[in-house]
1. If the viscosity is 1.567 mPa s and the temperature 4 °C, what translational diffusion coefficient in µm²/s does Stokes-Einstein give for the chain when Rh comes from Kirkwood over Cα pairs?
2. Determine ³J(HN,Hα), in whole Hz, for all residues of the range 3-13 in sequence, where each value follows from phi through the Karplus function 6.51 cos²θ - 1.76 cosθ + 1.60 and θ = phi - 60°; x replaces Gly and Pro.
3. Between the helical axis of 53-63 and the dominant principal axis of the chain, each derived from Cα atoms, what acute angle in degrees is found, rounded to the nearest 10?
4. Using only Cα atoms, tell me the angle between helix 26-39 and the longest principal axis of the chain; keep it within 0 to 90° and round to the nearest 10.
5. Where does the chain land at 222 nm, in deg cm²/dmol rounded to the nearest 500, when only DSSP H runs of n ≥ 4 count, each adding -39500 (n - 2.57), divided by all residues?
6. Can you give the relative contact order of the chain as a percent, counting alpha carbon pairs under 8 Å and 6+ residues apart?
7. Amide H neighbours of His48 under 5 Å, counting only residues 5+ apart in sequence or on other chains, H built in-plane at 1.01 Å?
8. Using the crude model of +1 on Lys and Arg Cβ and -1 on Asp and Glu Cβ, and no other charge, please compute the dipole size for the chain relative to its Cα centre, in debye to 20.
Amino acid sequence: MTATAARYLYLTRHGQASADETTLTDDGRRQAALLGERLREIPITAIHHGPLPRAEQTARLVGERLAGVPLLRSEPAGDYIPY
């Protein structure tokens, strides 16, 4: 019998964006903070986020609640048209 390891990938979008989509709204910042709280007990090893400011802002707010978890910018995770 061989031992296997499980890996989990959690996907989420950024918090609510402002009308011009450049930053998060107050609600979006609250959503990100609450997500960080919800993930606190899960063994997260890294947070990968897209290059847009709202994605980076969301990742930072989530990461503030997850001690020692690195934030890693990922260009392929950006919003590109066409999808």
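Throughout, read-outs are computed from the coordinates displayed, never taken from laboratory work. Treat the numbers as computed from the prediction; the structure is a model and nothing was measured. Backbone-built Cβ (ideal geometry, glycine too); neighbour counts: all protein chains shown.
1. Numbers: Rh = 13.7 Å.
So the translational diffusion coefficient is about 95 µm²/s.
2. Ordered by residue, 3J(HN,Hα) equals 7, 10, 10, 9, 10, 10, 10, 9, 10, 8, 9 Hz.
3. 40
4. Roughly 0 degrees, rounded to the nearest 10.
5. Numbers: 2 runs with 25 residues, N = 83.
One gets -9500 deg cm²/dmol as the mean residue ellipticity at 222 nm.
6. Values: 111 pairs, mean separation 23.1, N = 83.
Contact order relative to length: 28 percent.
7. Leu72
8. Numbers: 10 positive and 10 negative charges, 62 e Å.
That gives the chain a dipole magnitude of about 300 debye.
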